[in-house]
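The values are calculated or read from the model by the stated rules, or taken from the named source; none is laboratory data. This one's a predicted model, so the numbers in the text were calculated from it and none came from an experiment. Here the Cβ positions follow ideal geometry from the backbone for every residue, glycine too, while neighbour counts run over all protein chains shown. The area values use the complete protein model at the heavy-atom level, side chains included, leaving out ligands, DNA and RNA. Shrake-Rupley method; radii C 1.70, N 1.55, O 1.52, S 1.80 Å.
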Amino acid sequence: EDVHDGYFSKDRKGNFKDTSGVTQADDSTYELIMKDKERLLDLNVPLRFIFSHSALKEGWDNPNVFQVCTLVDTKDSMTKRQKIGRGLRICVDQEGNRVNDVKYNMLSVIANESYADFAQQLQTELEKEAGYKFGVVEQVSFADIEITADDGSEKRLSQEDSTKLYKYLKDNEFLNKQNKVTEKFHLAINDKTFKVPEEFEPFNHKIENRIKSLSRTIEIKNKDKRQTIKRNKEVFDSPEFRLAFDKIKEKTIYSVNIKIGNFIFNAIEGISNMPQVETEKIRRERSELNVTKSGVTHDMRIREQAIGSIYDFEKPTYPDLIRRVQDATSLTRKTILEILKGTHRVDRLKEFNLNPELFLKQVIDIVNNEKRKSMTEGLQYHKTGDYYVMTELFDADEVIGYRDQNVLKVSHNKHIFDFVVYDSGREETFAREAEVDDGVVLYAKIPSNFKIDTPFGSYNPDWLLVMQSEEEHKLYFVAETKGSSKDKDLRGTEKAKILSGRKHFEVLDTGVKYELITALRDLKK
């Protein structure tokens with residue numbers, strides 16, 4: 001009751017009615033929701049869910065709307081746009097500062113009608129009227145991709161590299177005239193024949209993922225296509241599966257022993273050797289256009305001129321350096337001060353005044369990267385004596401799939417359920433391979449409620465498999481399917497979670513082997 005409220009007031013007959021907010025029945029709620037909105041941001045006000053049938057109309061403005069539930073069929077696209085628009089604002093914290101992080105700025109619409117056409121129409125209008133580009137690969141689309149090399153150094157694609165990749169995609173017809181991804185690219189991905197130029201080979205996996213993310217359409221799940229999932233009793237009750245489950249059922253807790261001296265030293269070295277931070281500059285380019293009878297021609301000669309530093313035009317404002325680093329890294333002020341003071345031999349701190357935001361971004365990235373490394377190296381898992389219950393973990397009611405979207409019908413002699421619910425095309429391919437491979441005795445997509453606690457968030461591995469070797473031995477695997485089987489190709493947190501998962505299964509010491517793979521053939525090796 002503390003976190004829910006609304007202003008559906010009743011008339012004398014007990015019916016709910018819309019009100020203007022001036023009746024005694026809804027005075028307090030109306031005042032808070034409609035007039036005293038700043039209080040809603042106060043952490044001392046527990047209200048989190050507002051229920052109303054008129055708050056989404058004109059005149060109501062709250063940037064922190066994250067769920068919109070429509071209770072009536074809305075035929076008018078303007079009304080739909082108005083309602084959804086309430087939740088498409090950049091949210092704010094309790095001080096009213098904009099929070100740009102994508103993970104918070106996510107709107108969920110719970111609808112009782114098809115929003116697919118509306119979403120497509122809205123996207124088309126945004127492209128046409130506002131100049132947004134959806135599903136388009138541009139020359140700069142790959143300029144920020146980073147990997148960790150074998151020697152631990154960070155490598156990043158430049159804008160020039162991105163332009164080369166863009167030209168390669170165009171020349172090989174992976175992009176059409178509108179710079180949208182073609183069917184040829186998707187076929188190459190499916191056949192595992194997509195390759196980038198040799199100089200970009202270490203970035204191949206991340207380039208693939210970037211192109212896929214740019215070619216995605218808005219996903220709408222249709223409740224009418226929801227697939228009922230049933231447990232496969234024959235496989236579930238088999239001795240092989242019970243033995244396999246026994247090998248992974250015990251829960252663990254972790255402890256972290258960070259060698260703080262090494263961490264501080266590595267962070268100091270990273271900051272000392274980071275790219276040079278320079279003042280943002282304003283530059284002007286000048287060229288000539290000639291209007292003739294044949295049309296408008298462009299004089300290819302361009303004269304570029306540096307006008308000056310941005311601070312020549314705007315007085316600089318400096319954020320709280322220590323606090324910003326502390327908020328982003330969760331380290332103590334004492335440790336942060338040691339790290340920053342340790343860079344005095346190369347005097348990197350003076351660059352903070354040149355470009356505070358760029359300096360902060362580079363420092364925070366380096367410190368968090370070193371923190372991840374130190375935590376992973378010092379991570380230890382311990383058995384708790386607590387266990388998952390097989391019937392609760394593999395509960396068919398908790399597995400949700402949608403026909404034509406994320407379910408695969410499978411045979412009755414290998415998988416725990418009659419359908420595999422997959423999260424990606426790679427998982428679908430893996431399930432199809434497991435179905436037809438005689439070496440796979442049984443397999444199961446590990447449910448999302450199987451969680452391994454890590455310092456980087458909970459981790460849910462993909463598959464549990466029982467395989468038979470050529471010597472007729474039973475082999476037990478937990479497998480994580482990714483686009484690359486090399487740790488260095490993974491993002492920082494993703495890599496840290498996988499290393500944590502590996503340590504978790506090592507401490508169980510039950511004969512189950514944890515593997516990072518791209519396809520079933522990696523396990524068969």
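Filtered by the rule that a residue be crowded, with 18+ Cβ neighbours inside 10 Å and small (Gly, Ala, Ser), the stretch 501-518 gives a lone residue, 501.
Among residues of the stretch 505-525 that are over 12 Å from residue 467 (Cβ atoms), those with a beta-carbon under 8 Å from a residue that is part of a helix (DSSP H, G or I) and of a type in the set (Ser, Thr, Tyr) at least six positions away or on a different chain give the pairs 519/429. Counting only strands (runs of 3 or more DSSP E) wholly contained in the stretch 416-470, the ones carrying 2 or more residues that are surrounded by 15 or more Cβ atoms within 10 Å (Cβ to Cβ) and in contact with a Gly (Cβ under 7 Å, 6 or more places away or on another chain) occupy 419-421.
For the stretch 248-285, what are the residues that are assigned to a loop (DSSP other than H, G, I, E, B), closer than 30 Å to residue 478 by Cβ and of a type outside the set (Val, Ile, Thr)?
249, 257, 259
Specify the residue that is nearest to residue 424 (Cα to Cα); the eligible residues are those in the stretch 384-405 that are acidic (Asp, Glu) and open to solvent by 90 Å² or more (accessible area, probe 1.4 Å). Among them, the one singled out is 404.
Within the stretch 398-451, the set of residues being among the aromatic types (Phe, Trp, Tyr) and without any contact (Cβ under 8 Å) to a residue 40 or more places away in the chain comprises 422, 443. Restricting 205, 186 to those that are modelled with pLDDT under 90, within 23 Å of the chain's Cα centre (by Cα) and open to solvent by 70 Å² or more (accessible area, probe 1.4 Å) reduces the list to 186. Would you call residue 479 assigned to a helix (DSSP H, G or I), under 22 Å from residue 248 (Cβ atoms), at pLDDT 90 or above and open to solvent by less than 40 Å² (accessible area, probe 1.4 Å)? No, not satisfied.
I'd like to know if the stretch 135-142 contains one or more residues that are at positive phi, in contact with a Lys or Arg (Cβ under 6 Å, 6 or more places away or on another chain), touching a residue at least 24 places away in the same chain (Cβ under 8 Å) and not β-branched (Val, Ile, Thr). Yes.
Filter the stretch 211-230 down to residues that are at pLDDT 85 or above and assigned to a loop (DSSP other than H, G, I, E, B) and give me whichever is least open to solvent (accessible area, probe 1.4 Å). Among those that are at pLDDT 85 or above and assigned to a loop (DSSP other than H, G, I, E, B), it is 229. Of all residues in the stretch 399-438, those that are at pLDDT 90 or above and among the small types (Gly, Ala, Ser) total 2.
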